[in-house]
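The values are calculated or read from the model by the stated rules, or taken from the named source; none is laboratory data. Just so it is clear, the structure is predicted and the values come from calculations on it, not from any experiment. Virtual Cβ from ideal backbone geometry, glycine too; neighbours counted across all protein chains shown. Just so you know, the surface numbers come from the protein's heavy atoms only, side chains and all, with ligands and any DNA or RNA stripped out. Shrake-Rupley method; radii C 1.70, N 1.55, O 1.52, S 1.80 Å.
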Amino acid sequence: MALVLGGDRPSDVTVASNLAGMSEILDAVRSGASAEELASTDMPAMTRAVFVRRDEQTMFDGMLSGDKDPRRSLHVDEVPLPQLAPDEVFVAVMASSINFNSVWTSIFEPLSTFGFLDRLGKESIWGQRHALDYHVIGSDAAGVVLRAGSAVRNWKVGDEVTVHCNYVDDQDPTSHEDSMLSSSQRIWGFETNFGGLADIAVVKANQLMHKPTHLTWEEAAVNALCNSTAYRMLVSHNGAPVTQGDVVLIWGASGGLGSFAVQHVLNSGGTPVGVVSSDTKVKTLHELGCEYVIDRRANEYRFWKDEHTQDQGEWRRLGNDIRALVGEDPDIVFEHPGRSTMGASVFVAKRGGTIVTCAATSGYMIEYDNRHLWMKLKTIKGSHFSNYREAWAANQTIIDGKVVPPLSAVFPLEETGVAAFEVHHNRHEGKIAILCVAPEEGLGVTNSELRARVGEDRLTIFRRHDREPL
Ligand code: NAP
């Protein structure tokens, strides 16, 4: 029996369901059925999925952020599949991943995501499907196309795909110079329903990309969101593109974003200086080819003396440590921790340098000394995910084996809450994958020759280190 919220209008209904994850078409996908077989097998009415519930969105009110527990708010159960819009596909999700936005949704910070769904629900008839009393989350996926809507031209049943999370309305004129500038731009599985942490996800055709053939499903599932974001920030002309010889300071350099940022800087001929918080992470980065690494925990930087006051001496100490390593200040600072580091980031950037930021994990009310910005002609550049062109180019770096997936751990769909807890508490490295339809790890490689060329050692760098105990 499964608790089902929703339908045309959300209401609590209890219905009989299949065993979690069991359906004829998913079994067919698992056994490598042909496109014709998949097309002739019925779609189920329900799918297993990870979701938060509207009636629980205040469950953590009054608690400290660190005490809000994704294991309590993320549910795994069967939910109904919506009708497919003409420009959408159903994807059998072989594997997905935990992104930090899964954490934000699960702790209802900084906002409950039901507000996003309700706004989308008001936009169109198809948008109405999203405004439910449950929110199926997840902004990454690798899988197989099960059905394609009538307006889908470039993809067909049976295609093996990865999914990027830029969800745009192509009938909105503001979507057409750079879709990230679109006033209707959303992140799939965060600001929309029917995301990737499910056996079957609903995906717009313009989110699809080819699955890298040398990767397993779980390796293929962890890249699109973080790699595309780092690509726009450090490679695309829309961000702060690295040129040969640039020094780039990368906060959280062995985390989701940082592990891709390091690889893009190296590929562009720059010099990454990674900041991390453990000896294990220092070793991981050395194996990835990042020679210069700062352990912020060992160095005990205290950028904030107290809640209201920053310590410029500590900013200077970080700057001196960077100079001692590479002999100069960073041309670019790759920012995302936010409040705890932004003052230091603005200070240590080179005269004329750029601080490119896409997030504020530790707090979004930022404080920095503006004198260091204007007197030294620095720029703060905001960035957010990537447009389809950038996501496609970022995916190509994976397809070519020039960037490797920083997969560190794999959890089953039922344990998504535990995986999100790990990420929330910074107990992970790189990316955590979630197995959905794939029955076990290690499946999905169709080009072993390329895999051998990229190298098993390189592909498993992030899996060779034990995580630190709490
Ligand atoms: P992640 O895997 O948790 O990595 C973040 C890293 O940041 C951690 O490994 C940690 O590294 C470091 N860190 C955390 N708190 C810090 C602090 N107070 N001071 C210094 N370093 C700190 O997360 P992620 O996937 O990289 O995402 C990071 C942030 O970016 C999240 O807020 C996420 O929501 C956001 N994001 C935004 C976009 C976008 O498109 N706008 C895309 C992806 C992610 P150490 O402890 O080793 O230093």
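Taking region 433-451 as the search range and keeping residues that are aliphatic (A, V, I, L, M), in contact with a strand residue (DSSP E or B) (Cβ under 7 Å, 6 or more places away or on another chain) and assigned to a loop (DSSP other than H, G, I, E, B), which one is farthest from Val50 (Cα to Cα)?
If we filter region 433-451 for residues that are aliphatic (A, V, I, L, M), which is where we start, we get 433-435, 437-438, 443, 445, 450.
Those still in the list that are in contact with a strand residue (DSSP E or B) (Cβ under 7 Å, 6 or more places away or on another chain) too: 433-435, 437-438.
Of the ones still in play, those that are also assigned to a loop (DSSP other than H, G, I, E, B) are 437-438.
On the way: Val437: 13, Ala438: 16 Å.
Filtering first and then ranking leaves Ala438.
With under 26 Å from Glu440 (Cβ atoms) and β-branched (Val, Ile, Thr) as the only criterion, which of Val168, Val161 stands out?
Details: Val168 fails: under 26 Å from Glu440 (Cβ atoms).
After applying the criteria, what remains is Val161.
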**Q.** Selected residue (criterion: farthest from the chain's Cα centre (by Cα)) from residues of region 183-220 that are within 14 Å of the ligand (Cβ to nearest atom) and at negative phi
**A.** Gln185
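Name every residue in region 83-110 that is within 13 Å of the ligand (Cβ to nearest atom) and open to solvent by 30 Å² or more (accessible area, probe 1.4 Å), in order of residue number. I'd like the intermediate steps shown before the answer.
First, the residues of region 83-110 that are within 13 Å of the ligand (Cβ to nearest atom): 97-107, 109-110.
Of everything in region 83-110, those that are within 13 Å of the ligand (Cβ to nearest atom) and open to solvent by 30 Å² or more (accessible area, probe 1.4 Å) turn out to be Phe100, Trp104, Glu109, Pro110.
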Q: Restrict the check to region 353-366 and report whether at least one residue is more than 16 Å from the ligand (Cβ to nearest atom), over 19 Å from Gly255 (Cα atoms) and either in contact with a His (Cβ under 7 Å, 6 or more places away or on another chain) or open to solvent by less than 50 Å² (accessible area, probe 1.4 Å) (or both).
A: yes
Q) Is at least one residue of region 208-219 at pLDDT 95 or above, over 30 Å from Glu37 (Cβ atoms) and touching an Asp or Glu at 6+ places or on another chain (Cβ under 7 Å)? A) no
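Yes/no matrix, rows are residues, columns are (1) within 14 Å of the ligand (Cβ to nearest atom); (2) outside the structural domain of Ala452 (by TED's automatic domain parsing); (3) over 15 Å from the mean Cα position of the chain (by Cα):
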{"site": "Asn387", "(1), (2), (3)": "yes, yes, no"}
{"site": "Ala393", "(1), (2), (3)": "no, yes, yes"}
{"site": "Asp400", "(1), (2), (3)": "no, yes, yes"}
{"site": "Ala420", "(1), (2), (3)": "yes, no, no"}
{"site": "His424", "(1), (2), (3)": "yes, no, no"}
{"site": "Ile432", "(1), (2), (3)": "yes, no, no"}
{"site": "Leu435", "(1), (2), (3)": "no, no, yes"}
{"site": "Pro439", "(1), (2), (3)": "no, no, yes"}
Q: May I ask you to list the residues in region 57-75 that are more than 20 Å from the chain's Cα centre (by Cα) and of a type in the set (A, V, I, L, M)?
A: Met59, Met63, Leu64
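Taking the criterion of being touching a Gly at 6+ places or on another chain (Cβ under 7 Å) and either free of Cβ contacts under 8 Å to residues at least 24 places away in the same chain or buried (at least 20 other Cβ atoms within 10 Å of the Cβ) (or both), would at least one residue in region 62-73 satisfy it? Give the steps one after another, and end with the answer.
Pass one, region 62-73, residues touching a Gly at 6+ places or on another chain (Cβ under 7 Å): 70-71.
Subsequent filtering for residues that are either free of Cβ contacts under 8 Å to residues at least 24 places away in the same chain or buried (at least 20 other Cβ atoms within 10 Å of the Cβ) (or both) retains 70.
Within region 62-73 (the criterion being touching a Gly at 6+ places or on another chain (Cβ under 7 Å) and either free of Cβ contacts under 8 Å to residues at least 24 places away in the same chain or buried (at least 20 other Cβ atoms within 10 Å of the Cβ) (or both)), the answer is yes, since at least one residue qualifies.
For region 322-431, list the strands (runs of 3 or more DSSP E) that sit wholly inside it and hold at least 3 residues that are among the hydrophobic types (A, V, I, L, M, F, W, C); which are they? Working first, answer last.
Working: elements: 332-335, 354-357, 379-382, 407-412.
So the answer is 332-335, 407-412.
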(Q) Which of the numbered conditions does Tyr134 fail, given that it passes all the others? Conditions: (1) within 20 Å of the chain's Cα centre (by Cα); (2) open to solvent by less than 10 Å² (accessible area, probe 1.4 Å). (A) (1)
Q | region 31-61, subset more than 19 Å from Tyr134 (Cα to Cα) and of a type in the set (D, E, K, R), residue surrounded by the most Cβ atoms within 10 Å (Cβ to Cβ) | A | Glu37
Q.
Take the conditions more than 20 Å from Glu160 (Cα to Cα) and open to solvent by 20 Å² or more (accessible area, probe 1.4 Å) and apply them to Trp374. Does it pass?
A. yes
Q | Subset of region 270-313 (residues that are touching a Gly at 6+ places or on another chain (Cβ under 9 Å), in a helix (DSSP H, G or I) and not aliphatic (A, V, I, L, M)) | A | Lys281, Thr284, Gln312
Q) For Gly21, all conditions in the list (1) open to solvent by 30 Å² or more (accessible area, probe 1.4 Å); (2) under 24 Å from Thr162 (Cα atoms); (3) modelled with pLDDT under 95 hold save one; what is the number of the exception? A) (1)
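Of all residues in region 407-418, count the ones that are among the small types (Gly, Ala, Ser) and away from the ligand (no atom under 15 Å from the Cβ). Don't jump to the end; show me each part of the working.
Keep residues of region 407-418 that are among the small types (Gly, Ala, Ser), which gives 408-409, 417.
Among the residues that remain, those that are also away from the ligand (no atom under 15 Å from the Cβ) are: 417.
The total comes to 1.
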Q: Count, please, the residues in region 251-269 that happen to be part of a loop (DSSP other than H, G, I, E, B) and surrounded by fewer than 24 Cβ atoms within 10 Å (Cβ to Cβ).
A: 2
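Yes or no: region 213-221 includes at least one residue that is over 17 Å from Thr397 (Cβ atoms), assigned by TED's automatic domain parsing to the domain that holds Glu78 and hydroxyl-bearing (Ser, Thr, Tyr). Walk me through how you get there before you give the answer.
Our first condition is that a residue be over 17 Å from Thr397 (Cβ atoms); within region 213-221, this holds for 216-218.
From what's left, assigned by TED's automatic domain parsing to the domain that holds Glu78: 216-218.
Now narrow it down to the ones that are hydroxyl-bearing (Ser, Thr, Tyr): 216.
Taking every residue of region 213-221 in turn, at least one turns out to be over 17 Å from Thr397 (Cβ atoms), assigned by TED's automatic domain parsing to the domain that holds Glu78 and hydroxyl-bearing (Ser, Thr, Tyr).
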Q. Where in region 184-250 are the strands (runs of 3 or more DSSP E), entirely inside, with at least 1 residues that are open to solvent by 10 Å² or more (accessible area, probe 1.4 Å) and either touching a residue at least 24 places away in the same chain (Cβ under 8 Å) or polar (S, T, N, Q) (or both)?
A. 200-204, 208-210
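Here is a yes/no grid of residues against (1) open to solvent by 10 Å² or more (accessible area, probe 1.4 Å); (2) farther than 27 Å from Val423 by Cα; (3) modelled with pLDDT of 95 or more:
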| position | (1), (2), (3) |
| --- | --- |
| Thr284 | no, no, yes |
| Tyr292 | yes, no, yes |
| Tyr301 | yes, no, yes |
| Gln312 | yes, yes, yes |
| Arg316 | yes, yes, yes |
| Ala324 | yes, yes, yes |
| Pro330 | no, yes, yes |
| Val333 | no, no, yes |
| Gly343 | no, no, yes |
